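Peer 1: Pasting a structure below so you can have a look.
The values are calculated or read from the model by the stated rules, or taken from the named source; none is laboratory data. Here the structure is a predicted model, which means the values were calculated and not measured. Cβ coordinates were reconstructed from backbone atoms using ideal geometry, including for glycine residues, and neighbour counts include every protein chain displayed. In case anyone asks, the SASA skips ligands and DNA or RNA and just uses the protein heavy atoms, side chains included. Shrake-Rupley method; radii C 1.70, N 1.55, O 1.52, S 1.80 Å.
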Amino acid sequence: MQTTPNHDLELSIIIPVYNERDNLVPLERKLEEELVKLHLDYEIIFVDDGSVDGSPHIIKSLRKYNPKIKLIQFKNNHGQSAAFAAGFKVARGKIFVTLDADMQNNPADIPLLLEKTEHYDVVCGWRFKRNDPWVKRVASKIGNAVRNSLSQEEIADTGCSLKAFRRECFDNIKPFKGMHRFFPTLMKMEGFKVAQVKVSHFPRLYGKSKYNIRNRLFASLHDLMAIRWMKKRQINYDIIQED
Ligand code: UDP
Ligand code: MG
């Protein structure tokens, strides 16, 4: 994935937004509260994925008093992976942190992830005590088990958006719809080191989840088979001599 060659900041926070009107003000407040403590140069990139509830207007009003905020606004809805891809493309940080816009992730966990990036390239949040309806928790457990088994992987919670990446992790990623669920696997295939950390998770207070069993579990099965194939067919060789 081509990212901007300009990486003059330490940290880029990248947040996909799809109809999250009531979450944006408290999220920005909480993020700022946590980020100032880190004493790092950072930016917050909101990628509006075609919201129809006025979310971009709220981001624009936040930007008036917070110059660290950037807004990328899609004309239509293209999905979470597209929103991430657009954010990564313009991000200027050496480290990228991703999280949801719905206040279910905790910005206070960001330092935990950053600490781990000193020794790892990718750090995945693991929503150990997940605060979602039981149907979703069960679907996610099954989804993670199937994904781990078919792709010979051991990532406990691939759906947790709270992750940190060294920007180089994206250099050789070919963007595709649904890719965000496979970042750790795709990056391991590139030789990057992946860690997991337990993070907190809150119930969604405002707005609605954009996923259900049909559009999450079944859609990602196709992607899983492609990843499984790609992993099996990966070219690996040891060179003993090269003149
Ligand atoms: N999202 C997005 N585009 C979409 C669907 C979701 O940008 O087409 C964003 C959404 O606004 C949220 C994040 O992706 O910030 C995760 O979505 P959601 O909270 O609905 O997923 P869940 O937590 O229920 O798995
Ligand atoms: Mg959510």
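Peer 1: Given the conditions (1) in contact (Cβ under 8 Å) with a residue 40 or more places away in the chain; (2) of a type in the set (Val, Ile, Thr); (3) open to solvent by 10 Å² or more (accessible area, probe 1.4 Å), and given that Ile72 satisfies all but one, which numbered condition is not satisfied?
Peer 2: Evaluating Ile72 over (1) in contact (Cβ under 8 Å) with a residue 40 or more places away in the chain; (2) of a type in the set (Val, Ile, Thr); (3) open to solvent by 10 Å² or more (accessible area, probe 1.4 Å) leaves (1) as the failure.
Peer 1: Of everything in region 1-21 that's of a type in the set (Val, Ile, Thr) and part of a loop (DSSP other than H, G, I, E, B), which residue is surrounded by the fewest Cβ atoms within 10 Å (Cβ to Cβ)?
Peer 2: In the first step, residues of region 1-21 are kept if they are of a type in the set (Val, Ile, Thr); the result is 3-4, 13-15, 17.
Next, only the ones that are part of a loop (DSSP other than H, G, I, E, B) stay: 3-4.
On the way: Thr3: 22, Thr4: 13.
The residue in question is Thr4.
Peer 1: Those residues that are within 16 Å of ligand 2 (Cβ to nearest atom) and open to solvent by 70 Å² or more (accessible area, probe 1.4 Å), I need them from region 93-127; list them, please.
Peer 2: Passing the criteria: only Trp126.
Peer 1: For residues that are touching a strand residue (DSSP E or B) at 6+ places or on another chain (Cβ under 6 Å), of a type outside the set (D, E, K, R) and touching a residue at least 60 places away in the same chain (Cβ under 8 Å), tally how many sit in region 140-168.
Peer 2: Looking only at that region, the number is 4.
Peer 1: Inside region 92-206, counting only strands (runs of 3 or more DSSP E) that do not spill past its ends, which hold 2 or more residues that are closer than 27 Å to Asp53 by Cα and within 15 Å of ligand 1 (Cβ to nearest atom)?
Peer 2: Values: elements: 93-98, 122-127, 163-166, 194-199.
Fully inside region 92-206 and qualifying: 93-98.
Peer 1: Among the residues of region 210-230, what is the count of those that are surrounded by 13 or more Cβ atoms within 10 Å (Cβ to Cβ) and either of a type in the set (Val, Ile, Thr) or within 16 Å of ligand 1 (Cβ to nearest atom) (or both)?
Peer 2: 9
Peer 1: Confirm whether Leu150 is surrounded by 14 or more Cβ atoms within 10 Å (Cβ to Cβ) and modelled with pLDDT of 95 or more. Before the answer, list the steps.
Peer 2: On the way: surrounded by 14 or more Cβ atoms within 10 Å (Cβ to Cβ): yes; modelled with pLDDT of 95 or more: no.
So Leu150 does not fit the description; no.
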